[in-house]
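The values are calculated or read from the model by the stated rules, or taken from the named source; none is laboratory data. If you're wondering where the values come from, they're calculated on a predicted model, not measured in any experiment. Every residue, glycine among them, receives a Cβ derived from its backbone with ideal geometry; neighbour counts consider all protein chains shown. Surface accessibility is based on the protein's heavy atoms, side chains included, excluding ligands, DNA and RNA. Shrake-Rupley method; radii C 1.70, N 1.55, O 1.52, S 1.80 Å.
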Amino acid sequence: MTVTSGTSGPHAATPDGAPALVVVAHGSRDPRALSTVRALLDRVRALRPALPVHLGHIELNEPPLPDTLAALGDGRAVLVPLLLSRGHHVKRDIPETAAASPARTRVAAPLGPHPLLVDALHDRLTEAGWPTRAPRGGAVVLASAGSRDPDSKADTARAATLLADRLGVPVVPAYASAAAPTVPEAVRALTARGHRRVAVASYFTAPGRFATECAAAAPWIAALPLGTHPAMARLLLHRYDRAWTTGGEDHVPEGAREASACGSAALARAATTYPALARQPHPAPA
């Protein structure tokens, strides 16, 4: 979306005219989340020193997104959600806030699903003790925050498919809230099917209550959140570049296309192989 204007606000563009990057984080009461996000933005700045990089929050933390955009005046900016799937924040909150701002803005797609996230998930699992070769009886629960939006669940399911292809073991998406199955339910279902080494992959951008609760349900190993993994900084810049050069994303995240051909079949196999998961009730869309 674009708002016409005259002069640009302070730090709203690079000398070559590229717009500023505004990373839009959700916000958390856990102080580790804010410090992690700030450290991630430092990684982005190190990769592209001339690019103005700003932070805005949807809720709970300073600065709020409207204040960040107001400080840019009527300059140009690309808003990149530090979110892993589509949902209400991506579809409504962020675009509406951008539209109400005097800044000339474009809104990028959320980060996931994407192969770079799979790189980060794999590395975090390896750091937690995942072996080089797929373990006998191994499986992974991909733990995410959860949403009532069916597109969010579809994006998380695609991420699970991509991670399963990388690891060579079943990967089942599960949720901390608002969707089923929960992480403990997914662990129990996998264990019932004979998987004795079940790991939890933390599909969270930063530490927080949900990530901590999901990790506590791991019967074997639990990976840390994605955090400041180098792939996260690269992916933020990739989303920025795509939104700026193409005029905005089409909200079909890269990685969804790669998984679409096998995604339906993979989900059908999961429903057959893990009937306990398939029977879980699905919440109505918000």
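Below are the figures for this structure:
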quantity: Inter-part distance where the range 52-114 and the range 135-180 are each reduced to a Cα centre, Å; calculated: 26
quantity: Rounded to the nearest 10 Å², the accessible area of V183 at probe 1.4 Å; calculated: 0
quantity: Solvent-accessible heavy-atom area per residue, rounded to whole Å², over the range 86-159 at 1.4 Å; calculated: 38
quantity: Approximate spin-label separation A216-E96, in nm, with each point projected 7 Å along Cα-to-Cβ; calculated: 3.3
quantity: Formal net charge of residues neighbouring A222 (Cβ-Cβ distance under 13 Å; K, R +1; D, E -1); calculated: 0
quantity: Trypsin sites (Lys or Arg not before Pro) within the range 163-235: DSSP coil, no more than 13 neighbouring Cβ in 10 Å; calculated: R196
